[in-house]
Amino acid sequence: MDQQRRKVIVQEIEYWHKSKLLPDHYCDFLLNLYAEQAEQVKPSTRLTGRAAEAARSASGKQWLFAIVFFSLICFVVLHFNAFHPLLQIGVTAVGFVLLLWYGQRIRRKNEAAGIAVIGLDMLGLLGMGVYLLHQHSYDSWSSKALLLAGCALLWICYGIGARLSLLQLAGWVVLLLLYAWVLARRDAEPPWYEIQLYWLPITFVFAWFSWFIQRWSRPVAAVLFIVGCFIWFMPEVYSAMFVEERAWPQLLMFAKIAIGGGLLFGLRKQWIAWVA
C-alpha cells in the first residue's frame, strides 16, 4: 500500500477512536496493524541504514565501478612516492578538485558537512604541498613561503567565490603570519615604534577596503573589517612571538584596547552599516 494512503488511513482510524465511532479494541487493532506496516516500509534515516540500502539496491556495474575505484585509490597510495614529481602534482590536483566538488555538492544538502569537507580538502592540499617539498628536498624558506602564500590566496579567492567567510579569514590570517615571519627574518630585534609602523598602516588600509567593498559584498567587507581589527593588535602579538622585551607591548596593548574600543563605539553607526 502507498505510504501516503496508509498515513491517511491511520489518521482516519485515530479520528474514529476519538469520536467513538468504533469500539476501542477495534481501533487499537487497526492502529497496530497499519502502524506495524508503516514501520516495516519506512526507510532508515541512519547513515548505516542508508548505506546498507544503497549497497543492496546497487547494480553489478555499480559494484564493479566501486571495486575498481577502490583498487585505484589503493594503488595510488601505495606507489605515490615512486611516481614522477609531475605525476604526483597531477594526482594531488585531481584529488583536490574531486573532493572540492564533492564538498560543494553535499553543501547544498548539509551546510556544516559541506564546509567540513571543503576545509579538510584545503588543509589536505597544504599538507600534501609540505610533504612534496620535503620529499624532493625543497626545504628552503622561500619554497615554504611560496606554498603558504599560494594556499592562502586560494583560500581567499575560493572563499569569496563560494561565500565561505571562515575560509577567507583563514587565508588572511595565514598571509599575516607569513608577513610576520618575513619581518622576523629581516630584523630580529626591531624597536617598538618600528614594529608599530610595520603593522598599523595596514589596519587603516583594510578599514578603507572594507568601506569600499561593502557596496558590492557585505560578507567580504565584514571579513576585511575583522582582519583590520586583528592587525590593530598584531604588533603586540609579533612582539610576544619574536621580541624579548615584554613591558612595552603589554602597556601598548592596554592603550590600544582603550583607543580601539573608543573608536568602535564612536563610529559604530558607520562600521555596523558596512558589515551588517
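The values are calculated or read from the model by the stated rules, or taken from the named source; none is laboratory data. None of these values were measured; they are calculated from a predicted model. Cβ: placed from backbone, ideal geometry, glycine included. Neighbour counts: every protein chain shown.
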key: From Leu164, Leu154, residue being modelled with pLDDT of 90 or more and either surrounded by 14 or more Cβ atoms within 10 Å (Cβ to Cβ) or assigned by TED's automatic domain parsing to the domain that holds Ala222 (or both)   = Leu154
key: Test result for Glu236, among the acidic types (Asp, Glu) and surrounded by 19 or more Cβ atoms within 10 Å (Cβ to Cβ)   = yes
task = Would you please list the contacts, defined by Cβ atoms under 7 Å and residues six or more apart or on different chains, that run from a residue in segment 225-244 that is within 9 Å of Ile195 (Cβ to Cβ) and of a type in the set (Val, Ile, Thr) to a residue that is at pLDDT below 85 and part of a loop (DSSP other than H, G, I, E, B)?
result = Val243/Glu189
request  = With respect to Met241, determine if the residue is at pLDDT below 85, more than 26 Å from the chain's Cα centre (by Cα) and surrounded by 13 or more Cβ atoms within 10 Å (Cβ to Cβ).
outcome  = no
request  = Please state which of the following conditions Val91 fails to meet, knowing it meets all the rest: (1) in contact (Cβ under 8 Å) with a residue 60 or more places away in the chain; (2) closer than 24 Å to Cys74 by Cβ.
outcome  = (1)
message = With touching a Pro at 6+ places or on another chain (Cβ under 8 Å), assigned by TED's automatic domain parsing to the domain that holds Trp232, over 24 Å from Ser217 (Cβ atoms) and buried (at least 16 other Cβ atoms within 10 Å of the Cβ) as the only criterion, which of Trp181, Trp192 stands out?
response = Trp192
request  = Would you check if Val182 is out of contact with any Phe, Trp or Tyr (no Cβ under 9 Å at 6 or more places or on another chain) and among the β-branched types (Val, Ile, Thr)?
outcome  = yes
request  = Go through segment 5-21 residue by residue and tally those that are under 47 Å from the mean Cα position of the chain (by Cα) and closer than 11 Å to Leu31 by Cβ.
outcome  = 3
message = I'd like to check something: does segment 74-84 contain any residue that is touching a residue at least 24 places away in the same chain (Cβ under 8 Å) and either exposed (fewer than 14 other Cβ atoms within 10 Å of the Cβ) or outside the structural domain of Leu178 (by TED's automatic domain parsing) (or both)?
response = yes
key: Matching residues in segment 159-214 - criterion: being acidic (Asp, Glu) and in contact (Cβ under 8 Å) with a residue 40 or more places away in the chain   = Glu189
